[in-house]
Amino acid sequence: TAKKYNRPFEPLLTIAYIMIGGGVIGARLFYVATHLSDFSDNWLSSFNPFSQGQFGIAGLNLYGGVIAAVLGTVIYCRIKQMSGLDVFEFFSPTFFFGLAFTRIGCFLNGCCFGTPTDLPWGVSFPVGSIPYYIFGDTHLHPSQLYSSLYGLFLFILLHIMMKHRKFVGQLVAVMFMVEAVFRYA
């Protein structure tokens, strides 16, 4: 894709690593920062994948990941004297792929849940989850899955728009406008 849009491959690959690494680290740091009481007795458990008798680090926050990925990318672009807008334009479709992927995690974790519904695709969450604590076994809108499908749709849409864009920044503008409308709705 870099060659197709006449972009140098190596800096874009580095930016992809910065976005992925920064996203995961930022997501974890933001989660830990917002759940300090869970880690105050054992700070090592913040990043230890073998703590509490389980494998893996549970608890990530999308906003922390986005902030760290964007900040890392901006710093790299300044150092390499690259156009930040052009870089974000190039990566804007992948933001929504990431959104689609992370919201599946939200669904599996039981966070970011919807409101009660009688629709046939409503879901109930298991005993012990936050939605169960609040609503019991009431069927809820799977808002995480709605958000995931929305992210997948915008990923495809922005890829198509990239081929026909009129100016640098068009995809970023569409991304912010659509995200604002979706968040408000």
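Given the DSSP H assignment, sum -39500 (n - 2.57) over each helix run of at least 4 residues in the chain and divide by its residue total; what's the result at 222 nm in deg cm²/dmol, nearest 500?
Working: 7 runs with 118 residues, N = 185.
Computed ellipticity for the chain at 222 nm equals -21500 deg cm²/dmol.
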- Backbone HN-Hα couplings from phi across segment 145-152 [Karplus 6.51/-1.76/1.60, Hz, Gly and Pro as x]: 6, 4, 5, 5, 5, 4, x, 5
- Leu140's amide H: which non-local residues (gap 5+, or another chain) put their own amide H closer than 5 Å, with H modeled 1.01 Å from N in plane and none for Pro or chain starts? Thr117, Val123, Ser124
- Query: Once phi is turned into θ = phi - 60°, what whole-Hz ³J(HN,Hα) does the Karplus curve with 6.51, -1.76 and 1.60 give for every residue of segment 21-29, x standing for Gly and Pro?
  - Reply: x, x, x, 5, 5, x, 4, 6, 4
- Task: Averaged over every viewing direction, what's the projected area of the C-alpha convex hull for the chain? Give it in nm², one decimal, please.
- Result: 13.1 nm²
- Message: With angles folded into 0 to 90 degrees, how steeply does helix 84-109 sit against the dominant principal axis of the chain? Use alpha carbons for both and round to 10.
- Response: 20 degrees
- Query: Considering only protein heavy atoms, what is the solvent-accessible area of Val70 at a probe of 1.4 Å, reported in Å² to the nearest 10?
  - Reply: 60 Å²
- For segment 118-125, Karplus couplings with θ = phi - 60° (6.51, -1.76, 1.60), whole Hz, Gly/Pro x: 9, 5, x, 9, x, 10, 10, 9
- Longest span of the chain, sites excluded, free of trypsin sites (Lys or Arg not before Pro) in DSSP loop with at most 12 other C-beta atoms within 10 Å? 5-165
- Message: How far apart, in nanometres, would the label points at Asp86 and Ser143 be if each is projected 7 angstrom from Cα along the Cα-to-Cβ direction?
- Response: 4.0 nm
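Quick one: order Ser124, Ser46 from most to least accessible surface, probe 1.4 Å.
Working: Ser124 60, Ser46 5 Å².
Of Ser124, Ser46, the descending order of accessible area is Ser124, Ser46.
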- Carbon and sulfur %, accessible surface of segment 1-40 computed with the full protein complex present, 1.4 Å: 67 percent
- Which chymotrypsin sites (Phe, Trp or Tyr not before Pro) in segment 121-169 pass both tests, a DSSP loop state and at most 10 other beta-carbon atoms within 10 Å? Trp121, Phe167
- Per residue accessible area in Å² of the chain, where ligands, DNA and RNA are left out and the probe is 1.4 Å: 64 Å²
- Message: Between Pro120, Pro93, Pro11, where does the largest GNM mean-square fluctuation fall for the chain, given springs only between Cα atoms within less than 10 Å?
- Response: Pro120
- Between Leu36 and Cys111, what length in nm is gained on full extension when 0.36 nm per residue of separation is reduced by their alpha carbon distance? 25.2 nm
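The values are calculated or read from the model by the stated rules, or taken from the named source; none is laboratory data. Keep in mind that this is a model prediction, so the values were computed, not measured. For neighbour counting, all protein chains shown are included, and Cβ atoms are generated from backbone atoms with ideal geometry for every residue, glycine included. The accessibility values were calculated without ligands, DNA or RNA, using every heavy atom of the protein model including side chains. Shrake-Rupley method; radii C 1.70, N 1.55, O 1.52, S 1.80 Å.
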